[in-house]
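Heads up, the thing below is written out as structure tokens.
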Number of protein chains: 2
Amino acid sequence: MERADAARNRARILEAAAELFAARPPHEVTMDDIAKAAGVGRGTLYRRYPDRASIAVALLDEHERELQERLLRGDPPLGPGAPPAERLAAFYAAMVRLLEDHAHLVLGSEVGRTRFQTGAYGFWRAHVRSLLVAAGTPRPDALVDTLLAPLAPEVYVFQRSDLGLGMDEIVEALTRLTRVL
Amino acid sequence: MERADAARNRARILEAAAELFAARPPHEVTMDDIAKAAGVGRGTLYRRYPDRASIAVALLDEHERELQERLLRGDPPLGPGAPPAERLAAFYAAMVRLLEDHAHLVLGSEVGRTRFQTGAYGFWRAHVRSLLVAAGTPRPDALVDTLLAPLAPEVYVFQRSDLGLGMDEIVEALTRLTRVL
DNA sequence: TGCTTAAATGGACAACGTGTCCGCTTAGTG
DNA sequence: CACTAAGCGGACACGTTGTCCATTTAAGCA
């Protein structure tokens, strides 16, 4: 039972933050900017979102949920039914799509160590781990994060912007990783 | 021709910074802390090192140089002479060693996008790329950063500290990646 | 509708870190 | 010893952060 004004402000904040994050690099957007753009006071903003990261996480949430749904119950090769290696390749392709569309948001959600502590990372981790297990790969725990590492947003942005690689080239390189299964 | 007092202060700064970085997380160490610990003024500190990252880079420099030297002119399998896949595995093992000893410093050198812009990353990149070329791997450029991604310090710290994996387990997982050659 | 209450608001405020600036000091040179 | 330019260091101004609390407002109830 969230109060009406609270719900309205939450929506305003997310909308304003999305625009600001799209317009300029995340670390140039201050909490004050977001509060001003949303037309709310600092206190109101901090009440819900203690830092930029939590705002970006909230914004990403729906997109991630959708992919998670397709991983669990979608059609093969993304969903259940296909061989593990193919499912991993499909997962890589889908994640690249997600990064392409929302890399700026992911970068806004405070890159670095915190990435591993989000619920989303836990989900990707569990998914890939289950694929490794299904493929009969020994000692999956050591390998999971190794296979997930190239999906770090910084890596993607570097490959895409600084190196000028295309999405397809990146997906192709990731696909080659599935040989380790 | 660096003045004697300048050289003395540079040494003091690096020594103090090394201690502080070892004692607590990098982002809790302020430039002011370093200046105070080194017994120099803010201006003196900023004259040489405009931010924490540049200090950490300077601290890492010697360790990285040593490994770079061994890659270029050391004994196989790290140095020239061994098959590319074995050299890559040896490189992984050596990097894990470096991370184990100095991860806190690497983390101090401002994690994230900047990592890719350091000279050191360029060196690792060129090395791995040459191994891919030597192995006859097609389209090496897309694959290099994919193979380098699991060596991001955040990933290593997560595997080592949060997951409790051992060095050998991580090295073993990385070694499995060399199959893509 | 009017009353009550607890949640929600927003802006002022203190604390902190950053980076710069400039008068003073000191090393190096002839 | 004197001169000069490089080096020094701390004060300062600025921007950001996170908290606090007096005021407002939504929602439930008589």
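Please find, within segment A:22-40, the residue that is nearest to DNA strand D (Cβ to nearest atom) out of those that are open to solvent by less than 40 Å² (accessible area, probe 1.4 Å) and more than 14 Å from chain B (Cβ to nearest Cβ).
As a first pass, look at segment A:22-40 and keep what is open to solvent by less than 40 Å² (accessible area, probe 1.4 Å): A:26, A:29, A:31, A:34-35, A:38, A:40.
Among the residues that remain, those that are also more than 14 Å from chain B (Cβ to nearest Cβ) are: A:29, A:31, A:34-35, A:38, A:40.
Numbers: A:VAL29: 8, A:MET31: 4, A:ILE34: 9, A:ALA35: 9, A:ALA38: 14, A:VAL40: 11 Å.
The qualifying residue nearest to DNA strand D (Cβ to nearest atom) is A:MET31.
Within segment A:72-92, is even one residue within 14 Å of DNA strand D (Cβ to nearest atom) and not basic (Lys, Arg)?
no
Just the residues that are in contact with a helix residue (DSSP H, G or I) (Cβ under 7 Å, 6 or more places away or on another chain) and farther than 15 Å from B:GLU15 by Cα, please, taken from segment B:33-43.
As a first pass, look at segment B:33-43 and keep what is in contact with a helix residue (DSSP H, G or I) (Cβ under 7 Å, 6 or more places away or on another chain): B:33-35, B:37-42.
Scanning segment B:33-43 gives B:GLY41, B:ARG42.
Please determine, by comparing only the residues of segment B:137-162 that are hydrophobic (A, V, I, L, M, F, W, C) and more than 7 Å from chain A (Cβ to nearest Cβ), which one is surrounded by the most Cβ atoms within 10 Å (Cβ to Cβ).
B:LEU147
Of these, A:ARG125, A:ARG70, A:ARG115, A:ARG129, which one is in contact with an Asp or Glu (Cβ under 9 Å, 6 or more places away or on another chain) and touching a residue at least 24 places away in the same chain (Cβ under 8 Å)?
Exactly one residue qualifies, and that residue is A:ARG115.
Considering B:VAL133, B:VAL128, which residue is open to solvent by 60 Å² or more (accessible area, probe 1.4 Å) and more than 9 Å from chain A (Cβ to nearest Cβ)? Talk me through it step by step, then tell me what you get.
Numbers: B:VAL128 fails: open to solvent by 60 Å² or more (accessible area, probe 1.4 Å).
Matching residue, one of B:VAL133, B:VAL128: B:VAL133.
On the given criteria, is A:ALA85 open to solvent by 10 Å² or more (accessible area, probe 1.4 Å), of a type in the set (A, V, I, L, M) and away from chain B (no Cβ under 13 Å)?
Judged against the criteria, A:ALA85 is not a match.
Considering every residue within segment A:49-59, establish whether at least one is within 13 Å of DNA strand C (Cβ to nearest atom), among the aromatic types (Phe, Trp, Tyr) and open to solvent by 70 Å² or more (accessible area, probe 1.4 Å).
no
Which residue, of A:GLU2, A:GLU19, is open to solvent by 60 Å² or more (accessible area, probe 1.4 Å) and within 30 Å of A:SER161 (Cα to Cα)?
It is A:GLU19.
Going by the conditions given, is A:GLY122 in the same structural domain as A:TYR92 (by TED's automatic domain parsing) and either more than 20 Å from the chain's Cα centre (by Cα) or over 24 Å from A:LEU60 (Cβ atoms) (or both)?
Taking the combined requirement at face value, the residue does not satisfy it.
The values are calculated or read from the model by the stated rules, or taken from the named source; none is laboratory data. Fair warning: this is a prediction, and the values are worked out from it, not measured in the lab. Cβ: placed from backbone, ideal geometry, glycine included. Neighbour counts: every protein chain shown. Ligands, DNA and RNA are excluded from the accessible area calculation, which covers all protein heavy atoms including side chains. Shrake-Rupley method; radii C 1.70, N 1.55, O 1.52, S 1.80 Å.
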